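Just below is one structure, and these are the notes that go with it.
The values are calculated or read from the model by the stated rules, or taken from the named source; none is laboratory data. As the structure is a prediction and not an experimental result, all values here were calculated from the model. Ideal geometry is used to build each Cβ from the backbone, glycine not excepted, and the neighbour counts take in all protein chains shown. Just so you know, the surface numbers come from the protein's heavy atoms only, side chains and all, with ligands and any DNA or RNA stripped out. Shrake-Rupley method; radii C 1.70, N 1.55, O 1.52, S 1.80 Å.
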Amino acid sequence: MRTRALTLVLALLLLAGCSSGGGRDDGPVTLRFQSLAWQAESVTANKELVGQWNATHAEVKVEYIQGSWDSVHDQLLTSFEGGEAPDVIHDASDDLADFAYGGCLADLTDLLPARLKSDIPRRSWETTTFGEGVYGVPFLQEPRVLVANATWLKRSGVRIPTPEHPWSWPEFRQITRRLSGDGKYGVAWPLKEPVSATLNLSLSAGGQLFHRDADGDVTVRFEAGDEVVPRTVHDQIGADRSASPTTLGSGGSDTLPGFFGGRYAMVPLGFSYRQQIAQQAPKGFRWQVLPAPAGADGPTQGVSPQTLSVAADSRHKKEAVAFIDFLLRPKNMVRLALGDWMLPTGAQALSDPALHTAKDDWATGTALAAHLRPAPAQTVRGYPEWKDKVATPAFQEYYSGAIGLGELRERLEKDGNRVLARYQR
């Protein structure tokens with residue numbers, strides 16, 4: 001019996017050692033960092049920074065794991081359920097709510113260094129704050145802008161908007177009408193994923209859509225401010241014939257051949273699309289970045305920054321946060337921003353001269369940074385399901401003309417609130 005008991009104890013000790021994740025007594029701690037970087041420059045920057053960390057930290061090593069934006073939510077859900085989540089997790093802030101409320105992510109409130117807390121503005125921290133906790137570090141963001149055929153706009157004589165004096169939504173509609181005709185369109189809306197674009201741009205017109213009561217419960221109300229952007233797009237396509245109907249099911253990259261070919265004067269895209277445009281534009285093609293139209297609340301728009309979080313099950317949370325702090329030092333944050341053609345959230349990084357150049361219109365983007373606010377859906381539990389099952393098909397049908405504004409409102413509110421209610425019981 002004594003022999004069997006001793007054998008059992010030794011087995012349990014061995015099992016504990018195998019599942020420890022590598023403590024300092026056994027050698028260096030190993031952190032698993034899952035990155036969603038996909039552009040070549042960005043992947044290179046991330047891997048080089050991991051290499052720099054490993055070269056200067058003998059006791060804490062980082063293993064780089066390549067993830068994908070296309071499957072990250074389901075992949076993380078599976079890894080959390082299986083207890084195999086990476087220590088450091090790259091994601092977007094609008095994907096964190098269910099993971100944060102579900103206890104999958106570590107609360108970083110007491111782990112974050114003062115430098116990082118003060119360098120990133122409060123409005124950005126709001127995108128990763130759920131309840132009383134902070135569940136991610138927002139580090140890259142991008143405004144939605146208009147990428148325009150500069151030659152076409154100059155020849156038309158229209159007023160060129162600036163970050164200080166953008167077009168209003170009615171003016172934007174008038175200008176796209178003026179630029180259209182003879183089989184050409186003033187704008188092409190790539191709305192394969194219509195929800196985030198619509199909601200984030202609607203902030204400029206005072207749209208909020210999600211309303212939280214005193215008890216913290218969220219309801220959907222499609223009000224006057226929420227109508228401005230959808231009605232503009234709908235009328236450009238159906239009434240004005242100033243927006244191409246064939247791009248509604250397209251992604252941003254799908255519109256570029258038509259843009260380069262002179263079919264569309266402008267395409268609303270995320271700021272990072274400049275990288276593809278700079279690489280793919282035909283020789284002699286002149287393009288420029290314009291601010292998105294502004295509504296009653298000015299050029300305000302919602303963003304869902306890229307984030308770095310720590311798994312709640314990680315055995316090395318302090319080490320993971322130390323690595324995040326290294327990765328997001330101002331100089332490194334600039335490297336990551338340049339690699340992804342996006343804007344850093346950190347104030348010191350955002351002031352770097354490399355992000356204020358006229359080349360590739362970096363200066364236009366940085367001028368818009370102060371107007372970026374948390375996307376309306378940031379802290380809404382059940383948002384991924386609401387978006388996929390209710391909002392995406394409803395907006396797609398409205399923009400195509402299959403349903404009217406009244407039915408759009410009814411589906412977003414009635415069907416949407418039914419989905420959200422399940423997450424708030």
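Picking from Trp152, Ile324, Ala311, whose Cα lies most toward the positive end of the charge dipole for the chain (charges on Cβ: Lys, Arg +1; Asp, Glu -1)?
Trp152
Considering only the other residues whose Cβ falls under 15 Å of the Cβ of Asn54, what net charge follows from Lys and Arg at +1 and Asp and Glu at -1?
Surrounding charge for Asn54 is -2.
For labels at Ser68 and Gln52 in the simple 7 Å Cα→Cβ model, what's the distance in nm?
3.0 nm
Report ³J(HN,Hα) in whole Hz for each residue of segment 163-171, in order, from the Karplus equation J = 6.51 cos²θ - 1.76 cosθ + 1.60 where θ = phi - 60°; Gly and Pro get x.
x, 7, 9, x, 5, 7, 5, x, 5
Enter the angle in degrees (range 0 to 90, nearest 10) between the Cα long axis of helix 330-340 and the first principal axis of the Cα atoms of the chain, meaning the one along which they spread out most.
Approximately 60 degrees, to the nearest 10.
Based on DSSP, what percent of beta bridges with both residues in the chain are antiparallel, to the nearest 5? Intermediate results must be reported in sequence, preceding the final value.
Numbers: 28 of 44 bridges.
Around 65 percent of the beta bridges assigned by DSSP in the chain are antiparallel ones.
Counting helices only, and only those DSSP H runs with n ≥ 4, report the 222 nm mean residue ellipticity of the chain as the sum of -39,500 (n - 2.57) divided by its residues, in deg cm²/dmol to the nearest 500. Spell out each step's value before the answer.
Working: 19 runs with 168 residues, N = 425.
After summing the helix terms and dividing by residue count, I get -11000 deg cm²/dmol.
For segment 387-398, what does the Karplus curve 6.51 cos²θ - 1.76 cosθ + 1.60, with θ = phi - 60°, yield as ³J(HN,Hα) per residue in whole Hz, taken in order and with x for Gly and Pro?
Taking θ as phi minus 60°, the curve returns 5, 6, 8, 10, 5, 4, x, 5, 5, 4, 5, 5 Hz for segment 387-398.
Running Debye on the chain with equal point scatterers at the Cα sites and no solvent, what base-10 log of I(q)/I(0) appears at q = 0.11, 0.12, 0.14 Å⁻¹?
So the normalised log intensities work out to -0.86, -1.01, -1.31.
Counting only heavy atoms of the protein chains, get the accessible area per residue of segment 354-407 (1.4 Å probe) and round it to a whole Å² value.
Per-residue accessible area for segment 354-407 comes out at 38 Å².
If you average the sequence gap of Cα pairs under 8 Å that are 6 or more apart and divide by the length of the chain, what percent do you get for the contact order?
Over the chain, the number comes to 25 percent.
Against the empirical 2.2 N^0.38 Å scaling, what ratio does the C-alpha Rg of segment 329-425 come to?
Ratio of Rg to 2.2 N^0.38 Å for segment 329-425: 1.55.
For helix 40-56, what angle does its Cα long axis make with the longest principal axis of the chain, in degrees from 0 to 90 and rounded to 10?
Its long axis makes an angle of about 30 degrees.
Using the Cα centre as the reference, give the magnitude of the dipole from point charges on the C-beta atoms of the chain (Lys, Arg: +1; Asp, Glu: -1; all else neutral), rounded to the nearest 20 debye.
Here the size comes out at about 960 debye.
Residue by residue through segment 95-101, what is 3J(HN,Hα) from phi via Karplus (6.51 cos²θ - 1.76 cosθ + 1.60, θ = phi - 60°)? Round to whole Hz and write x for glycine and proline.
9, 8, 3, 5, 5, 5, 5
Solvent-accessible area per residue for segment 110-223 at a 1.4 Å probe radius, Å²?
Details: 5050 Å² over 114 residues.
Averaged over the residues of segment 110-223, the accessible area is 44 Å².
Counting other Cβ atoms within 10 Å, keep those with at most 13, restrict to DSSP loop, and tell me which trypsin sites (Lys or Arg not before Pro) in segment 133-175 are left.
Sites meeting the loop and neighbour criteria: Arg159.
Setting aside same-chain residues fewer than 8 positions from Lys318, which lysines have a Cα under 25 Å from its Cα?
Reachable lysines: Lys47, Lys61, Lys117, Lys331.
If one takes the longest principal axis of the Cα atoms in the chain, at what angle in degrees, from 0 to 90 and to the nearest 10, does the Cα axis of helix 224-238 lie?
Taking Cα atoms only, the helix is inclined about 60 degrees.
Would you mind telling me the share, in percent, of accessible area of segment 208-358 contributed by carbon and sulfur at probe 1.4 angstrom?
49 percent
May I ask for the longest run of the chain untouched by GluC sites (Glu not before Pro) that are loop-located per DSSP and have at most 15 neighbouring C-beta atoms (other than their own) within 10 Å? Intermediate results must be reported in sequence, preceding the final value.
Numbers: sites that count: Glu59, Glu84, Glu132, Glu164, Glu223.
No qualifying site falls inside 224-425, the longest such stretch.
Return the distance in nm (one decimal) between the two label points of a simple spin-label model at Asp217 and Arg159, each offset 7 Å from Cα along Cα→Cβ.
4.6 nm
Roughly how many whole Å is it from the C-alpha centroid of segment 51-118 to that of segment 176-211?
Their Cα centres are 33 Å away from one another.
Two decimals is fine: what's Rg over Rh for segment 208-309, C-alpha atoms, Kirkwood radius as Rh?
Numbers: Rg = 17.4 Å, Rh = 16.7 Å.
That ratio is 1.04, to two decimals.
Equivalent ellipsoid semi-axes for segment 36-195, as square roots of 5 times the alpha carbon gyration tensor eigenvalues: give them largest first, rounded to whole Å. Don't skip to the answer; put the middle values down first.
Values: eigenvalues 329, 73, 67 Å².
That gives 41, 19, 18 Å for the three semi-axes.
Over segment 74-150, what number does the Rg to Rh ratio reach, with both radii from the alpha-carbon atoms and Rh per Kirkwood?
Numbers: Rg = 15.0 Å, Rh = 14.1 Å.
Here the Rg-to-Rh quotient is 1.06.
Quick one: compute the contact order of segment 189-239, relative version, from alpha carbon pairs under 8 angstrom and 6+ residues apart, as a percent.
34 percent
What is the Cα centroid distance between segment 334-370 and segment 261-293, reported in whole angstrom?
Spelled out, the Cα-based centre of one part sits 18 Å from the other.
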